[in-house]
1. Here are GLU115, GLU124, GLU87: which of them is more than 23 Å from LEU40 (Cβ to Cβ) and surrounded by 15 or more Cβ atoms within 10 Å (Cβ to Cβ)?
2. Give the residues of the stretch 101-132 that are away from the ligand (no atom under 16 Å from the Cβ) and in contact with a Pro (Cβ under 9 Å, 6 or more places away or on another chain), sorted by residue number.
3. Failed condition for ARG147, given (1) touching a helix residue (DSSP H, G or I) at 6+ places or on another chain (Cβ under 6 Å); (2) open to solvent by less than 60 Å² (accessible area, probe 1.4 Å); (3) within 16 Å of the ligand (Cβ to nearest atom), with all others met?
4. Cβ contacts < 9 Å: first residue at positive phi and touching a residue at least 24 places away in the same chain (Cβ under 8 Å), restricted to the stretch 168-197; second residue away from the ligand (no atom under 12 Å from the Cβ) and outside any strand (DSSP E or B), any location; separation 6+ or different chain. Result?
5. Take the residues in the stretch 244-263 that are touching a strand residue (DSSP E or B) at 6+ places or on another chain (Cβ under 6 Å) and open to solvent by 10 Å² or more (accessible area, probe 1.4 Å), then tell me which one is farthest from the ligand (Cβ to nearest atom).
6. Which of the residues belonging to the stretch 214-241 are crowded, with 20+ Cβ neighbours inside 10 Å and on the phi < 0 side of the Ramachandran plot?
Amino acid sequence: MSKIVIGNWKMNGLKSSVATFRKIVRGYSPERAAKARLALCPPATLLAEFAMLAAEKRCEKNLAKNPENNPENNPSVLLGGQSCHFEPAGSFTGSVSAAMLHDAGASLTLVGHAERRAQGEDDEQINAQLLQALEANLTPVLCVGERQAERAQRQEHLERQLTRALASLPPSLARVSHLIVAYEPVWAIGSGTMPSTAEIEAVCRKIAEQTRSLVPSTTRLEVLYGGSVTPANAAEIVAATDGVLVGSASLEAENLLAIVDAA
Ligand code: 13P
């Protein structure tokens, strides 16, 4: 399976960022697509427009090659949400549901990002969000990671986060076809520091093992690393994992495409 690079724009991006997204879509050539799948999680306000641009590009490329081709066969940039609400709909002012993300063109969504947990999201809500994502046909990208003070008990901490987030999948969802887990140590996010590659590889292997035992029906599981990934360190990290979740380096088209090149 090819690697995956996911960009997380966090609370960055205005209408003027369409130009950056166009560069990303244009630069994501078939050669790059053969190296790695590329997904971007822009703010929810830009999701529908970006999804339309990605779809247009997919059609254009495809028609140029062979008018008979199905545009769906031509890989383009995938879109994702940054979080979704734990209820399907209702009186939750300011929130975005999983179905809304899907409707706007997302095919995946982050769940349980450290910056959401820091704003008060707890394990129970993250579990409910994950179920909402699956119900809406979005691939959940479950984010887990220890804070600096928890480094000594990292394994127990990660196991607890995974167990709680993946608890009690209802029978209708028992067969989860695709699940992504991102290991993002809180202390590595935006800090320029990160664990050694050997450590990242060992932690991701352990996360894969634990996730498989918690959700044995998953047919496709990918474990990514996130936290201070740049074009300079991406090759080593991608080689040791299934891919990367990238924050600030994903804001510039050149940097994001250079990370794909490193895959
Ligand atoms: P940075 O790449 O800016 O450290 O952010 C990582 C992250 O939080 C991605 O979700």
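The values are calculated or read from the model by the stated rules, or taken from the named source; none is laboratory data. Just so we're clear, the structure is a prediction, and the values are computed from it rather than from any experiment. No Cβ is skipped: glycine too gets one built from the backbone with ideal geometry, and neighbour counts run over all protein chains shown. Surface areas here come from the heavy atoms of the whole protein model, side chains and all, with no ligands, DNA or RNA. Shrake-Rupley method; radii C 1.70, N 1.55, O 1.52, S 1.80 Å.
1. GLU87
2. Listed by number, the residues that qualify are LEU130, LEU131, GLN132.
3. (2)
4. Between residues of the stretch 168-197 that are at positive phi and touching a residue at least 24 places away in the same chain (Cβ under 8 Å) and residues that are away from the ligand (no atom under 12 Å from the Cβ) and outside any strand (DSSP E or B), the close pairs are SER168/ASN127; SER168/LEU131.
5. The selected residue is ALA263.
6. GLU222, VAL223, LEU224, TYR225, GLY226, VAL229, ALA234, ILE237, VAL238, THR241 - these are the residues of the stretch 214-241 that are crowded, with 20+ Cβ neighbours inside 10 Å and on the phi < 0 side of the Ramachandran plot.
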